[in-house]
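The values are calculated or read from the model by the stated rules, or taken from the named source; none is laboratory data. What you are looking at is a predicted structure, and each value in this text was computed from that prediction instead of being measured. No Cβ is skipped: glycine too gets one built from the backbone with ideal geometry, and neighbour counts run over all protein chains shown. We work out accessible area using only protein heavy atoms, side chains counted, and drop any ligands, DNA or RNA first. Shrake-Rupley method; radii C 1.70, N 1.55, O 1.52, S 1.80 Å.
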Amino acid sequence: MPLAQVNGTEIAYSVSGQGEPVLLVAGIGGAGGYFKPNLDAFAAKYQVVLHDHRGTGGSRQDRITYSVPQMTDDMVALMDALGIEAAHIVGHSTGAAMAHDMALRFPKRIKSAVLYAGWATSDAYFARCFDVRKRVLQQSGALHYVQTTPLFLSPPWWVSANIAKLEAEEPAAAEALAPTDIMLSRIDAICSYSPGEELRKITCPSLITCAKDDHLTPQFYSQRMAKLMPAADTFYFETGGHAVSQVLPDQFNTLVMSYLDAVIAGRKWQAPALNYPEIA
């Protein structure tokens, strides 16, 4: 990935395809490669930008106090460097928080927001999940952190069906994980991000979505967002966990691209019918 010099750091990014600019923005891991299962489908229709958040992936590993606004500022600066005046933001978890923040502080830079597995309020459940993940990382190391990640991100049926692939990939994933101090600071950043009532001020077209069996940012988190953003569209996948874009990439692509197409065309969106795998 090439590097952009922005905000006094280096951000790794890629640009694929042509058309309306769409940023696929990763969650707490920060690496744009999270959206690899979705990239080809999106790039066939849009200009797709992926980036590694500061401190993660191929971006510079700065030892700073991380925050959601800082991550958003880096994203907007990357758009500046790429000559993108405004874009559609598809944000996963931490990326959804960045989309919130962008819509609130830089409303002219965001054409629409897909808020995928996000939250409005950081509550006790959220804090406990991430406290456990922090302790695993601190006390057991990167490999055990990576091994526990599917238990938070993926539905049990998918973990069972893909255990050999997961085990084969985990050593490389642990090696690629951001340094522990950076990951801990990033976790603290999202645990302190709790926009709540501020979400009422978001005016761009928005889709709130998650899977019904997401147990890291449960469905009621998205429902809380929807109450604060009554003009937003909503859709809840029948399964897929916190990482539905990886677990069910075809269904995720169909759903999100149908929404983007409706926004781009200026027409009312209607959710498409989706088929789900049989779970034995």
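A simple rule links phi to the HN-Hα coupling: the Karplus curve 6.51 cos²θ - 1.76 cosθ + 1.60 with θ = phi - 60°, which for the stretch 17-27 gives x, 9, x, 4, x, 10, 9, 9, 10, 6, x Hz, with x for Gly and Pro. What shape does the stretch 146-280 have by the C-alpha gyration tensor, where a ≥ b ≥ c are the square roots of the eigenvalues, rounded means a/c under 1.5, and otherwise prolate means a/b greater than b/c and oblate the rest? Judged from the Cα gyration tensor, the stretch 146-280 comes out oblate (a/c at least 1.5, b/c at or above a/b).
Would you kindly state how much longer the chain becomes between S14 and I163 on full extension, computed as 0.36 nm times their sequence separation minus their alpha carbon distance, in nm to one decimal? If you can, show how the numbers build up before the last one.
Numbers: separation 149, 0.36 × 149 = 53.64 nm, distance 2.97 nm.
Computed gain between S14 and I163 is 50.7 nm.
Result for the chain in a Gaussian network model with C-alpha springs under 10 Å: among P107, P230, P37, the largest mean-square fluctuation is at P230.
Evaluate the relative contact order of the chain (contact order divided by residue number), counting alpha-carbon pairs under 8 angstrom at least 6 apart; express in whole percent.
On the way: 534 pairs, mean separation 52.4, N = 280.
19 percent.
In the stretch 164-280, what percent of the accessible surface is made up of carbon and sulfur (1.4 Å probe, ligands and nucleic acids excluded)? Exposed carbon and sulfur together represent 51 percent of the surface.
Exposure here means at most 15 other Cβ atoms within 10 Å; with GluC sites (Glu not before Pro) in a DSSP loop as sites, the longest stretch of the chain lacking them is 86-237.
A straight Cα-to-Cα reach below 12 Å connects K268 with the aspartates and glutamates D233, residues fewer than 8 places away in its own chain not being considered. A straight Cα-to-Cα reach below 13 Å connects K212 with the aspartates and glutamates E238, residues fewer than 8 places away in its own chain not being considered.
Among the helices of the chain (complete DSSP H runs), which have Cα atoms covering no less than 20 Å along the helix axis and a Kyte-Doolittle mean of at least 0.5? Working shown, then result.
Numbers: long enough: 68-82 (21 Å, 0.60); 124-140 (23 Å, -0.36); 249-265 (23 Å, 0.61).
Passing helices, by number: 68-82, 249-265.
Distance from a point 7 Å along Cα→Cβ of D123 to each backbone N in the stretch 220-244: keep the residues under 13 Å and list them by number. Taking a point 7 Å out along Cα→Cβ of D123, the residues of the stretch 220-244 whose backbone N falls under 13 Å are 220-227.
Select one label from [x] 21.2, 70; [y] 17.0, 57; [z] 17.4, 51: the one whose number is Rg and Dmax of the Cα atoms in Å as derived from the coordinates shown. Given [x] 21.2, 70; [y] 17.0, 57; [z] 17.4, 51, the calculated one carries the label [z]. In this structure, A174 and D62 have a Cβ-Cβ separation that, at R0 = 22 Å, corresponds to a calculated FRET efficiency of about 0.55.
Beta bridges assigned by DSSP with both partners in the chain are antiparallel in approximately 25 percent of cases. Computed over the chain with a Gaussian network model linking Cα atoms closer than 10 Å, the most mobile of R63, R186, R133 is R63.
Label the stretch 20-128 by shape, choosing from rounded, prolate and oblate, from the square roots a ≥ b ≥ c of the eigenvalues of the Cα gyration tensor; if a/c is under 1.5 it is rounded, and otherwise prolate applies when a/b is larger than b/c, oblate when it is not. Since a/c stays below 1.5, the shape of the stretch 20-128 is classed as rounded. Per residue, the accessible area of the chain comes to 42 Å² when a 1.4 Å probe rolls over the protein heavy atoms.
Say we join alpha carbon atoms closer than 10 Å with springs in a Gaussian network model of the chain; which of S258, S112, S93 then has the biggest fluctuation? Result for the chain, Cα springs under 10 Å: S258 fluctuates most. For the cross-link pairs K108/K201; K201/K227; K36/K134; K134/K227; K45/K165; K36/K227, the ones whose C-alpha atoms lie over 22 Å apart are K36/K134; K134/K227; K45/K165; K36/K227.
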